[in-house]
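Only one structure is covered here, and it is reproduced in the block below.
Every read-out reported here was derived from the displayed coordinates using simple, explicitly stated rules and does not represent laboratory data. Only a predicted model underlies this, so the values are computations on that prediction, with no experimental measurement involved.
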Amino acid sequence: MENMASPDVCIRKVTEQEVHDAWLIGSLSFPSDETASEERCKFRQREAPDLFWGYYESGKLISITHGTRTLKNELTHESMYTNDPEGTVVCVHSLCTHPEHRGKGVATALMKHLIQHVRDNLVNVTKICLLCHDFLVAFYESVGFQCLGLSQVTFGQMPWYNMVCNIQTDK
């Protein structure tokens, strides 16, 4: 992992002008039947900018995460297409790193940043939920999520697993 204190590395919110680059990273990371459309990414950046983050190296976007909020208790198919600003659950819809930068701890740093941002700034949020494939369960557990088993949400060819990170409520 690169030194986060380096002036060449930063984590910040993705701007409207950078959504296309964020979408491109996602399209390199997921099969076509699992990739969010560019329009869906624009919607999430516009409606939930506090949940659309990028990891930048030398000014270049190399990893992204984005999500929405819901009043439901878990990530649902509906939550992928809506955002409730008063929602108590954050649904992470994507965590992607450009293939040339994988295996360097970038996604770990970005997800830890998102979790800390939620803890520090989104006072009514009680948990963060996401879906992942079986080969990513251990990664998400390593950054604080628990696996709740198979999800009933289906899209693409492979099954998805429900993951949850409970947020302390003593804010």
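General remarks:
- Backbone amide hydrogens, once placed in the peptide plane, bring His93 within less than 5 Å of His66, Gly67, Thr68, excluding anything fewer than 5 places away on its chain.
- Under 21 Å, Cα to Cα: Lys pairs in the range 42-135, sequence gap 8 or more or different chains: 6
- Quotient of C-alpha Rg and 2.2 N^0.38 Å, computed over the range 9-124: 1.00
- For the range 39-89, the square roots a ≥ b ≥ c of the C-alpha gyration tensor eigenvalues yield an a/c of 1.5 or more together with a/b exceeding b/c, which makes the shape prolate.
- The convex hull of the Cα atoms of the range 67-171, projected and averaged over all directions, covers 6.8 nm².
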